[in-house]
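Let me begin by presenting the structure, written as structure tokens, before commenting on it.
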Amino acid sequence: SDVYKRQGFEKVKEMSVKILFTKVSKIYYAGENVTGVVRVEGADGKDHGAVIATLKGSIRYGSKVKDAKDKDEGFKFSTILESTAKLAESGKYPPGNSDFSFSLAIPKNEKIYESYKGVHIAVNYQLEVTIDELKAAELFYVNTHGFGYGDKWGKEKRPSEFVLQAAPSEKMPNISRFLLVGKIDNVNVAVDDPLTGYIILKETGDSIVSIETQLVRVEKYEFQGQMHVDTTEIQNLQIADGNVPLGLEIPIYTILPRYYCCASFDSPKASLNFETNIIVLFSSGVQIGQNVEMRVHRKEKPAQNVQSLTSTPVSYTHLTLPTSDLVSNSV
């Protein structure tokens, strides 16, 4: 909020700077321009220096240090994007609010990873603005069409069949004979597509309490000179409750969660991938599971039909975006 200082019978408005993005969602794709305005308030008639905007992207990786005073202690940063543009030369602020338009490109290459925030890894992008002693910074989000394909599977559809079985042994004397088969239709899955497949129970000597699918993210990162792997559950869905008939095909249909899932990526110091687990819980308390490796990508951008666009007359109307349509956050 604006701060006012009373001087006699007048109120003097303190200067502030805000970053207003054109997109309400603040989601931009690699290859697009991040656009909007920098708004300065309370600077009527004052002189100002050059208006500088900087686009920054970085990977933060590591692990929290016990009793650390600094929240970033134990973490390292790797820069993946930094570009600067001068929005205006030195001058004088006009009466009222002063707006400086910005348009900075996000390059599209293998180092522009999608925005992500996990336990040990985060990929962040932000716009920073500097005008003399005034500073502001605002996060935005980056997605990338065609990003996340790995060298192992490429862009091919990859079905995966699995068998989950158990029998009494020295390590598991309380379990009965059990056999379940299943299939995931495509483990090289797009982030916007459902994960589908089925399971079939073939044999069980113990009553079943529940059968579930568990989606986990796998973060691999460097910490104190060594590579570490940490898995975190991000979704758990029950697909069968209690005993199910033998031979019945039970479908698997999982929507990847929007806020905890993004395209997989690999970098020298940090990487992110996903797995799904099929878990069976018995009335005896015994639990067994089957792990299925996955790769998550974002689909290529649909190609436009150039012929249809050029053969049909199109009229264009210039629109001025009202300030109410802009997203505002001040620093």
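The values are calculated or read from the model by the stated rules, or taken from the named source; none is laboratory data. Values in this document were obtained by computation on a predicted structure and should not be read as measured data. Don't worry about glycine lacking a Cβ; one is built from the backbone with ideal geometry, like all the others, and counts go over all protein chains shown. Areas reflect the complete protein model, heavy atoms only, side chains present, ligands, DNA and RNA absent. Shrake-Rupley method; radii C 1.70, N 1.55, O 1.52, S 1.80 Å.
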Checklist entry - Can you name every residue in region 6-34 that is part of a strand (DSSP E or B), surrounded by fewer than 15 Cβ atoms within 10 Å (Cβ to Cβ) and modelled with pLDDT of 90 or more? => result Ile27, Asn33
Item to check | Unmet criterion (only one of (1) surrounded by fewer than 16 Cβ atoms within 10 Å (Cβ to Cβ); (2) out of contact with any Lys or Arg (no Cβ under 9 Å at 6 or more places or on another chain); (3) among the polar types (S, T, N, Q)) for Thr232 | outcome: (2)
Checklist entry - Right, Ser101: of a type in the set (Ser, Thr, Tyr), farther than 30 Å from Val191 by Cα, part of a strand (DSSP E or B) and touching a residue at least 12 places away in the same chain (Cβ under 8 Å) or not? => result yes
Checklist entry - Does region 38-66 hold any residues that are part of a strand (DSSP E or B) and among the hydroxyl-bearing types (Ser, Thr, Tyr), and which are they? => result Thr54, Ser58, Tyr61
Checklist entry - Taking region 17-49 only, how many residues are more than 19 Å from the chain's Cα centre (by Cα) and of a type in the set (A, V, I, L, M)? => result 7
Item to check | Condition check for Gly242: open to solvent by 40 Å² or more (accessible area, probe 1.4 Å) and on the phi > 0 side of the Ramachandran plot | outcome: no
Checklist entry - Within region 53-71, which residues are exposed (fewer than 15 other Cβ atoms within 10 Å of the Cβ) and at pLDDT 90 or above? => result none
Checklist entry - Of the conditions (1) surrounded by fewer than 12 Cβ atoms within 10 Å (Cβ to Cβ); (2) assigned to a strand (DSSP E or B); (3) out of contact with any Gly (no Cβ under 8 Å at 6 or more places or on another chain), Thr196 fails just one. Which one is it? => result (1)
Next on the checklist: Would you confirm, using the coordinates I've provided, whether Phe147 is closer than 30 Å to Met15 by Cβ and open to solvent by less than 70 Å² (accessible area, probe 1.4 Å)?
Outcome noted: no
Checklist entry - Restricting the search to region 271-291, which residues are of a type in the set (A, V, I, L, M, F, W, C), part of a strand (DSSP E or B) and under 24 Å from Arg177 (Cα atoms)? => result Ile278, Ile279, Val280, Leu281, Phe282, Ile288
Item to check | Residues that are in contact with a Cys (Cβ under 8 Å, 6 or more places away or on another chain) and aliphatic (A, V, I, L, M), drawn from region 249-288 | outcome: Leu272
Next on the checklist: So for region 67-77 (the condition being in a strand (DSSP E or B), closer than 30 Å to Met227 by Cα, under 16 Å from the mean Cα position of the chain (by Cα) and in contact (Cβ under 8 Å) with a residue 12 or more places away in the chain), does at least one residue qualify?
Outcome noted: no
Item to check | Looking only at region 258-285, and only at residues there that are surrounded by 20 or more Cβ atoms within 10 Å (Cβ to Cβ) and aromatic (Phe, Trp, Tyr), the one that is farthest from Tyr198 (Cα to Cα) | outcome: Phe265
Next on the checklist: Looking at region 132-142, can you tell me whether even one residue there is open to solvent by 80 Å² or more (accessible area, probe 1.4 Å), out of contact with any Leu (no Cβ under 7 Å at 6 or more places or on another chain) and either of a type in the set (Lys, Arg) or assigned to a strand (DSSP E or B) (or both)?
Outcome noted: yes
Next on the checklist: surrounded by fewer than 17 Cβ atoms within 10 Å (Cβ to Cβ) and at pLDDT 95 or above: which single residue out of Ile288, Ile255, Ile250 fits that description?
Outcome noted: Ile250
Item to check | Residue satisfying all of: in region 168-183; of a type outside the set (Gly, Ala, Ser) and in a loop (DSSP other than H, G, I, E, B); least open to solvent (accessible area, probe 1.4 Å) among these | outcome: Ile175
Item to check | Hits in region 227-264 - residues which are touching a Pro at 6+ places or on another chain (Cβ under 9 Å) and in a loop (DSSP other than H, G, I, E, B) | outcome: Ile255, Leu256
Next on the checklist: Of all residues being of a type in the set (Asp, Glu) and open to solvent by 100 Å² or more (accessible area, probe 1.4 Å) in region 72-92, which is nearest to Arg39 (Cα to Cα)? Just the residue, please.
Outcome noted: Glu89
Checklist entry - Before we move on, is Phe102 under 30 Å from Tyr259 (Cβ atoms), surrounded by 15 or more Cβ atoms within 10 Å (Cβ to Cβ) and under 23 Å from the mean Cα position of the chain (by Cα)? => result no
